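Structure record follows, encoded as structure tokens.
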Amino acid sequence: MGVVLDKFEVLRNIPSVDKLLKNKEIETLIIKYSYALVKESVREALQRLRNRILKSFDTEIEEEKIVEEIKTLLNKRYSLRPVINATGVVIHTNLGRAILPEEAIRHVVEISTSYSNLEYDLEKGQRSKRYTHIIDAVKKIINVPSAVIVNNNAGAVFLALNTIAKGKEVIVSRGELVEIGDSFRIPDVMAQSGVILKEVGTTNKTRLSDYESAINENTALLLKVHKSNFKITGFTEEVSVKELVEVGKKMQIPVMVDLGSGCFIDLKKYGFYTEPTVQEILREGADIVTFSGDKLLGGAQAGFILGRSAIVEKIYRNPLMRALRIDKMTLAALEATLMLYLDEEEAIKKIPTLRMILEDAILIKKRAVKIYKKLKKQGIEATVKENLSMPGGGSLPESPVKTYVVALKVETPQEFTRKLRKTDPPVVARIKDDYVLFDARTIQDREVSLLVDAIKQVL
Ligand SMILES: *Cc1c(COP(=O)(O)O)cnc(C)c1O
């Protein structure tokens, strides 16, 4: 029989806080986080170890293990944490929508760690508008008379309606009175913005004559809402932006299009998507177009308002503009993201949202195989399967597209995914029958090893 240390002897061998703080790895953590934060984590890790020893769960002390625990504690120090998205949904609102391009991150860091010319004209040495930076960037990419930008697209729609049609009637097709996410309902936003909703047509059919006969002297706007998260198929009819613009011109009523997921690149030539671009909508003559900054565009949360100068100028002067003002970090992220659009190929390569949405199935399969092989090395049996998913996740009215998943057969998938959500970093995956599916489309290359570790941990 070997020597059995009693737990009080083990307790005496616990290293001191000071000794741990001099550990090489801990020293690098202090540089990364802060002395106070690391010290707090060291204390907590030691307390946890002490408790485990007292309960006789741990019978020996390994400094390496303590350091690992400290690292885990530091990773969990914030409530807002990185997550591995294995759902295959690229524009996932609950998981934070767009992953920013490196260029955007660098610009955000640069701008937020020093003073900047946010609202200062360096040429004239006087006050200027924060929006000029982004308007200049937009104008470099597309041909648009005027632009302004607010906190998000819901805010953009709200502000535009409030400015253009407060107390007046806005005509919308019944088929476009949509709900997006769980809180943005077009009729509710319209009501709150002070306009009077005038529904025309039916759910599946709205004709030009429906709009025409609804117009009266109190009509201030014709609104078209892009169906972002669903498609009505079968016996349908809707009025195009072009047709609406013709009526608007004739009756001298502006036309606004809420595009939702605004995109500057024509995705149609890459296959499956039929999203109209922002340019197309403007070319068709819409007076105002609104869209999000963090959907297909792949930038930070924002709401773009583009269009005719006279209207945009009025929106800009709405006192509510201040309440919906966007912050300098967002501006920096968007400016850098927009610059990538100067070259389409570069945009697709460097903007993660576009890269993932358009990624070739062969490359997705390659990543899935890589995960599969790494799992196999750890003695974990899985399979690579072809699958269908909806990368737009409610931001594109799409049909399912081909993807590849790593499928892991487990006894209790619900239990398994629950545990996966508690690993570090947490993993969010899909369940299909007895399988947990990891969609390789939304797993980043740098996350492959972390994902394998997480799966191993849960098993
Ligand atoms: C997503 C969406 C919105 C809301 O945009 P946020 O940027 O999330 O505020 C509004 N309208 C449409 C058509 C959308 O698709």
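Things worth noting here:
- Acute angle (nearest 10 degrees) that the helix 448-458 long axis makes with the longest principal axis of the chain, alpha-carbon atoms: 60
- Reducing segment 44-120 and segment 351-374 to their Cα centroids gives an inter-centroid distance of 24 Å.
- Nearest-0.05 FRET efficiency for ARG81 and PHE235, computed from C-beta distance (R0 51 Å): 0.60
- Projecting the Cα atoms of ALA86, ILE311, ILE26 onto the charge dipole of the chain, computed from C-beta unit charges around the Cα centre, puts ILE26 farthest toward the positive end.
- According to the calculation over all Cα-Cα pairs in segment 293-345, the P(r) per 5 Å bin from zero is 4, 17, 22, 22, 21, 11, 3, 1 %.
- Taking chymotrypsin sites (Phe, Trp or Tyr not before Pro) across segment 65-127, the ones in a DSSP loop with at most 11 further Cβ atoms lying within 10 angstrom of their Cβ are TYR78, TYR115.
- Beta bridges per DSSP with both ends in segment 129-224, % antiparallel, nearest 5: 20
- Sequentially through segment 298-306, phi angles give Karplus couplings (6.51, -1.76, 1.60; θ = phi - 60°) of x, x, 8, 4, 5, x, 8, 10, 10 Hz, Gly and Pro residues having no value and appearing as x.
- For segment 65-205, alpha-carbon Rg over 2.2 N^0.38 Å: 1.51
- Kirkwood-based Rg to Rh ratio, segment 275-316, C-alpha trace: 1.00
- Sparsely packed loop sites in segment 211-318 (the chymotrypsin sites (Phe, Trp or Tyr not before Pro) outside DSSP H, G, I, E and B with at most 13 other Cβ atoms within 10 Å) comprise PHE230, PHE235.
- Environment charge of ILE443, counting only residues whose C-beta is closer than 10 Å and scoring Lys/Arg +1, Asp/Glu -1: +1
- For LYS224, distant residues with modelled amide H under 5 Å away: MET256, VAL257, ASP258
- Residues of segment 157-179 with amide N under 16 Å of the 7 Å Cα→Cβ point at THR274: 176
- Basic side chains Lys and Arg get +1 at the Cβ, acidic Asp and Glu get -1 at the Cβ, and with that the dipole of segment 285-351 about its Cα centre reaches some 420 debye.
- Projecting the Cα positions of ILE362, ALA382, SER399 onto the charge dipole of segment 321-459 (unit charges on Cβ atoms of Lys, Arg, Asp and Glu, taken about the Cα centre) puts ALA382 furthest along the positive direction.
- In order along segment 356-373, the Karplus-derived 3J(HN,Hα) couplings, from 6.51 cos²θ - 1.76 cosθ + 1.60 at θ = phi - 60°, round to 5, 4, 9, 4, 5, 4, 5, 6, 5, 4, 4, 5, 4, 5, 4, 5, 4, 5 Hz, and Gly and Pro are given as x.
- log₁₀ of I(q)/I(0) at q = 0.12, 0.18, 0.26 Å⁻¹ - segment 116-187, Debye sum with one point per alpha carbon: -0.53, -0.91, -1.19
- Computed from the Cβ-Cβ distance with R0 of 45 Å, the FRET efficiency linking LYS55 to LYS373 stands at 0.70.
- Binning the C-alpha pair distances of the chain at 10 Å intervals from 0 yields a P(r) profile of 4, 17, 23, 22, 17, 10, 5, 2, 1, 0 %, listed from the shortest bin outward.
- Degrees, to the nearest 10: 63-75 long Cα axis against longest axis of the chain: 20
- 3J(HN,Hα) along segment 254-259: x, 10, 10, 10, 8, 7 Hz, from the Karplus curve 6.51 cos²θ - 1.76 cosθ + 1.60 with θ = phi - 60°, whole Hz, x for Gly and Pro.
- Note on the chain: helix-only mean residue ellipticity at 222 nm, from DSSP H runs of 4+ residues weighted -39500 (n - 2.57) and normalised by residue number, equals -12000 deg cm²/dmol.
- All Cα pairs of segment 52-131, percent lying beyond 17 Å: 74
- Of all DSSP bridge pairs formed entirely within the chain, close to 60 percent run antiparallel.
- Simple spin-label estimate for ILE380 and LYS422 gives 1.7 nm between the two label positions (7 Å along the Cα-to-Cβ direction from each Cα).
- FRET efficiency, 1/(1 + (r/R0)^6) with R0 51 Å, evaluated for LYS314 and VAL410 via beta carbons: 0.30
- With the charge dipole of the chain set up from +1 on Lys and Arg Cβ and -1 on Asp and Glu Cβ about the Cα centre, the Cα lying farthest toward the positive end among the listed residues PRO15, ILE180, ALA220 is that of PRO15.
- Between helix 328-340 and the chain: long-axis angle, C-alpha atoms, 0 to 90°, nearest 10: 80
- Length-normalised contact order of the chain in % [C-alpha pairs under 8 Å, at least 6 apart]: 19
- Three principal axis lengths of segment 162-282 [C-alpha, angstrom, descending]: 44, 33, 29
- Of the peptides 121-128, 33-40, 406-413, the ranking by mean beta-carbon count within 10 Å, highest at the top, reads 406-413, 33-40, 121-128.
No value in this document is a laboratory result; all are computed from the given coordinates. Computed from a prediction, not measured in an experiment: that's the story for all the values here. Every residue, glycine as well, gets a Cβ built from its backbone with ideal geometry; the counts of neighbours run over all protein chains shown.
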